[in-house]
């Protein structure tokens, strides 16, 4: 019993340290990648001065943020305002607890893994609302309510798309879902669900073409307008870490997780497959951001309610019929 | 890192919740300390100008806690309806094999009712973001 507890504690703390280090480095890398991708799409070079290929640029930026003053605006809610950045960063880190990086590289392979990630990603909505409300800034509040409306609207088709995969495996456990894709990746069987998932995930992370909540040209910066220094930094890191999480979940649900294509592993370790696929998906999300214009708000909401939700419900019923017949 | 197989009285669920709790707590401590260090090392030169809410340079008038447009409330209500129904579908999806054709028929009926509800909202104009033309 004692050894179980110690090993459990050891695993947790070790996992946490690795996750913290990885998530921060990963977010810094993704910010750099985003700027490079944006630069090349707009026929610029992007960051290039600090370090090789400008790789150290975001680290320098981060250090600068630590040195900046944490401003609390006048008549802001003094209790809610400081905890909003913590609230936005905590749930995305919890997601790492169940991500299946490789067959033996899951911190805790819970039987409700998929559910856990979506339950905690719902926390982000609360954090955004708390941040926007507490700032006492009209633009921040507008950005926050738009963001909440958008996030809740896209959460439903997202969940339904994931359910059609769960239906095939009969389990919420990530390792079971990935094991089910040893021969064929689920996006070949469930192309509609995969597409719905990717669109909704882009919307959930508040990225263009769904970046109405922080539409720079009309709302300053949306819900995080008033946050300065490291508080803003945490919102920023949370956004990029969240991008990694949704891409990693897409990889494990639809793109075979740690498996190579069609059961061919080519001698490459599982974690390499997993990370490669995740980063390709992240690149696609960035590519989309710098290619498509922003949607109008009513178009955005109608896309979810009038198109994605009926489609995902229909997809679920069709999946159920096909599973029964086959 | 080998997955720990829980032994004896502990079900796989209990250490899971415990682990989640400890993990969440440690994350909060980490993020909190990060903010504390930033607040400690950062500059501290407060001024009246700095603490004014930034609304594109225009001096803000009154409180920002204004009334929301009504469609946002509608979205929240619809979300509640559909999300609670999602919870039923979740439990059905994991036990799909055991439930057989009867389970399938019941849930298909349930989803059909959901779609009917959505169509009703749509026809009634609950999903419209513009004010509707007044009916005579």
Matching residues, the range A:62-97, being under 22 Å from the mean Cα position of the chain (by Cα), in contact (Cβ under 8 Å) with a residue 60 or more places away in the chain and closer than 18 Å to residue A:127 by Cα: A:84, A:85, A:86, A:88, A:89, A:92, A:93, A:95
Members of the range A:290-326 found to be in contact with a helix residue (DSSP H, G or I) (Cβ under 6 Å, 6 or more places away or on another chain), more than 10 Å from chain B (Cβ to nearest Cβ) and either part of a helix (DSSP H, G or I) or surrounded by 15 or more Cβ atoms within 10 Å (Cβ to Cβ) (or both), listed by number: A:308, A:312, A:315
Unique match (being more than 10 Å from chain A (Cβ to nearest Cβ) and surrounded by 11 or more Cβ atoms within 10 Å (Cβ to Cβ)) among B:117, B:86, B:103: B:117
Meets criteria (at pLDDT below 85 and closer than 21 Å to residue A:80 by Cα) for residue A:113: no
So residue B:92, is it part of a helix (DSSP H, G or I), touching a helix residue (DSSP H, G or I) at 6+ places or on another chain (Cβ under 6 Å) and at the interface with chain A (Cβ under 7 Å from one of its Cβ atoms): no
Residue check for residue A:150: more than 10 Å from chain B (Cβ to nearest Cβ) and in contact (Cβ under 8 Å) with a residue 60 or more places away in the chain: no
Lone unmet requirement of (1) touching a residue at least 12 places away in the same chain (Cβ under 8 Å); (2) in a loop (DSSP other than H, G, I, E, B) for residue A:53: (2)
From A:285, A:271, A:212, residue being modelled with pLDDT of 80 or more, over 30 Å from residue B:43 (Cβ atoms) and touching a helix residue (DSSP H, G or I) at 6+ places or on another chain (Cβ under 9 Å): A:285
Among (1) farther than 23 Å from residue A:128 by Cα; (2) in contact with a helix residue (DSSP H, G or I) (Cβ under 6 Å, 6 or more places away or on another chain) - the single one residue A:233 does not satisfy: (1)
Out of A:194, A:221, A:248, A:276, sole residue that is within 14 Å of another protein chain (Cβ to nearest Cβ) and out of contact with any strand residue (DSSP E or B) (no Cβ under 7 Å at 6 or more places or on another chain): A:221
Residue among A:91, A:52, A:82 that is over 19 Å from residue B:32 (Cβ atoms), at pLDDT 80 or above and either out of contact with any helix residue (DSSP H, G or I) (no Cβ under 9 Å at 6 or more places or on another chain) or crowded, with 16+ Cβ neighbours inside 10 Å (or both): A:52
Residue check for residue A:100: at pLDDT 80 or above, surrounded by 21 or more Cβ atoms within 10 Å (Cβ to Cβ) and either over 19 Å from the mean Cα position of the chain (by Cα) or over 20 Å from residue A:278 (Cβ atoms) (or both): no
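Consider residue A:125 carefully, then state whether it is under 22 Å from the mean Cα position of the chain (by Cα), under 25 Å from residue A:305 (Cα atoms) and surrounded by fewer than 24 Cβ atoms within 10 Å (Cβ to Cβ).
Spelling it out, residue A:125 is indeed under 22 Å from the mean Cα position of the chain (by Cα), under 25 Å from residue A:305 (Cα atoms) and surrounded by fewer than 24 Cβ atoms within 10 Å (Cβ to Cβ).
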Residue among B:75, B:31 that is within 30 Å of residue A:16 (Cα to Cα), assigned to a helix (DSSP H, G or I) and within 7 Å of chain A (Cβ to nearest Cβ): B:31
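Collect the residues in the range A:73-86 that are part of a loop (DSSP other than H, G, I, E, B) and at the interface with chain B (Cβ under 7 Å from one of its Cβ atoms), keeping them in residue-number order.
Hits for the range A:73-86 are A:73, A:74.
The values are calculated or read from the model by the stated rules, or taken from the named source; none is laboratory data. These numbers come from a predicted model, not from an experiment. Counting neighbours? That spans all protein chains shown, and the Cβs are built from the backbone with ideal geometry, glycine included.
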